[in-house]
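Input: a single structure, listed below in structure tokens.
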Amino acid sequence: MELTRAGEKTYYIKHKTNIGVYVTSPGKVCLIDTGSKGDGEKIDEIISEQGWEIEYIINTHTHIDHLGGNEYLMKKYGIPAYCTDYDMAFAHYSDLEAAYMTGGYPCRKLREIFSHPGKLGFRAIEEYELSGISWIYLPGHTFGMIGVKTDDDVWFLADSYMSKKALENYRYGYLYDVGGYLDSLNRIKTLSGRLFVPAHGIAEKNIAEITDLNTENIGDIINVIKDICTEYISADGILKAVYERMGMRNTVSQHALMSSTTKSYLAYLQDRDELECKFIDNTMVWKTI
């Protein structure tokens, strides 16, 4: 972890999940996300070295790699965390994220990986004004994800796009709503700011190129799925073909994420009348129109 200055009062901690730090008043900061489980102690050490105390946390969304440090920090400092009302249910209930990703009661492995901290003092960000902070909805990766802007003109854009390195190595990122994600890409392309910090990857001064690359990537994935579906094929068959064509490794957690994402692509294409589905031998199958 490395603390990097991004503005007069804005910093971020470079990590697998980048963590925003904004000086709210002398000696006080807020955090934007807290990384994965076990990161709270490391974040606290970095913050304490600067002589700061944490005043509150903003979670751009409530996936476990963005609020993993919340429990330690919220309990130590007695502070609240803000997220959208839509996403808050996932923070409050331990197994909900794993359940909606797998489409049923999650197996023990998924319950362990995606376990959430529970009702620690989360607040709906829609109900509060936070000095020096503004935000916008950026749905698609989750139901109610947000991007956060500090008054230094620095944006923290969560998982609203994938970095160039991620697009080179791992193109099939998790999505809940393909159409919403494309709309969010169009929105962030128009944002003004001096620096844009994604959750995963390097900060960018110009957001236009990377948003275009992400939009093109979604289009490429759509074409892959439509090509797979030239003949009727089941959802499991589609997912198997996606694994093979994109060279992805399959684990229990990966399968939950990618199965859920594939269903989202199928729903998007069906709603646009680009795919049809029907039952053959009691199996739902899909075909490009």
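The values are calculated or read from the model by the stated rules, or taken from the named source; none is laboratory data. Just so it is clear, the structure is predicted and the values come from calculations on it, not from any experiment. Quick reminder, even Gly has a Cβ in these numbers, built from the backbone with ideal geometry, and neighbours come from all protein chains shown. For the accessible areas, the whole protein counts, side chains as well, though only heavy atoms, and no ligand, DNA or RNA atoms are used. Shrake-Rupley method; radii C 1.70, N 1.55, O 1.52, S 1.80 Å.
Dividing the helix sum by the residues of the chain, where each DSSP H run of 4 or more adds -39500 (n - 2.57), gives a mean residue ellipticity at 222 nm of -12000 deg cm²/dmol.
First obtain the Kirkwood hydrodynamic radius of segment 155-279 from its Cα pairs, then insert it into the Stokes-Einstein equation at 20 °C and 1.002 mPa s, and state the resulting D in µm² per second as a whole number.
Details: Rh = 15.4 Å.
So the translational diffusion coefficient is about 139 µm²/s.
The chymotrypsin sites (Phe, Trp or Tyr not before Pro) of segment 101-204 that meet both conditions, a loop assignment by DSSP and at most 11 other Cβ atoms within 10 Å of the site Cβ, are Y128. Provide, for q = 0.15 Å⁻¹, the log10 of I(q)/I(0) from a solvent-free Debye sum over equal Cα point scatterers in segment 1-133. So the normalised log intensities are -0.68. Taking amide H as placed 1.01 Å from N in the peptide plane, the amide H of S234 sits under 5 Å from that of W286, each at least 5 places away or on another chain.
Listed by chain and number, the lysines whose C-alpha is less than 17 Å from the C-alpha of K75, apart from same-chain residues fewer than 8 away, are K28, K37, K42, K119. When only Cα pairs below 8 angstrom with a gap of at least 6 residues are kept, segment 42-174 shows a relative contact order of 22 percent.
I want to verify the translational diffusion coefficient of the chain in µm²/s; compute it with Stokes-Einstein, Rh as the Kirkwood radius over Cα pairs, at 20 °C and 1.002 mPa s. Value of D from the Cα-based Kirkwood radius: 108 µm²/s.
How about segment 96-132: which trypsin sites (Lys or Arg not before Pro) there lie in a loop by DSSP and see at most 15 other Cβ atoms within 10 Å?
Numbers: sites: R108, K109, R111, K119, R123; in loops: K119.
Within segment 96-132, the qualifying trypsin sites (Lys or Arg not before Pro) (loop, at most 15 other Cβ atoms within 10 Å) are K119.
Partner aspartates and glutamates whose Cα lies under 17 Å from the Cα of K287, excluding those fewer than 8 positions away in the same chain, are identified as D227, E231, D236, D271, D273, E274, E276. Backbone amide hydrogens, once placed in the peptide plane, bring L195 within less than 5 Å of W155, excluding anything fewer than 5 places away on its chain.
If you plug the beta carbon distance of D183 and A89 into 1/(1 + (r/R0)^6) with R0 = 25 Å, you get a FRET efficiency near 0.65. Relative to the Cα centre, the charge distribution of the chain, modelled as +1 at Lys and Arg Cβ and -1 at Asp and Glu Cβ, gives a dipole magnitude of about 500 debye. Partner lysines whose Cα lies under 26 Å from the Cα of K189, excluding those fewer than 8 positions away in the same chain, are identified as K9, K14, K16, K149, K164, K165, K205. Calculated FRET efficiency, D153 to D220, Cβ-Cβ distance, R0 = 35 Å: about 0.60 to the nearest 0.05. Dipole size of segment 243-289 about its Cα centre, with +1 on Lys/Arg Cβ and -1 on Asp/Glu Cβ: approximately 180 debye, rounded to the nearest 20. Backbone N atoms of segment 191-231 closer than 18 Å to the 7 Å Cα→Cβ label point of N169 belong to residues 198-204, 214. Dipole of segment 174-245 computed with +1 at Lys/Arg Cβ and -1 at Asp/Glu Cβ about the Cα centre; of I225, V178, L195, farthest Cα towards the positive end is L195.
Against the 2.2 N^0.38 Å scaling, with N counting residues, where does segment 194-256 land? I'd like the Cα-based Rg ratio to two decimal places. All intermediate terms of the calculation are to be shown ahead of the outcome.
On the way: Rg = 15.7 Å, N = 63, 2.2 N^0.38 = 10.6 Å.
Expressed relative to 2.2 N^0.38 Å, the Cα Rg reads 1.48.
Computed in the context of the full set of protein chains, the accessible area of the chain at 1.4 Å probe radius has 47% of its extent on carbon or sulfur. Would you please classify the overall shape of segment 89-179 from the alpha carbon gyration tensor, given that a ≥ b ≥ c denote the square roots of the eigenvalues, rounded means a/c under 1.5, and beyond that prolate means a/b larger than b/c while oblate covers the rest? Taking the square roots of the gyration eigenvalues as a ≥ b ≥ c, segment 89-179 is oblate.
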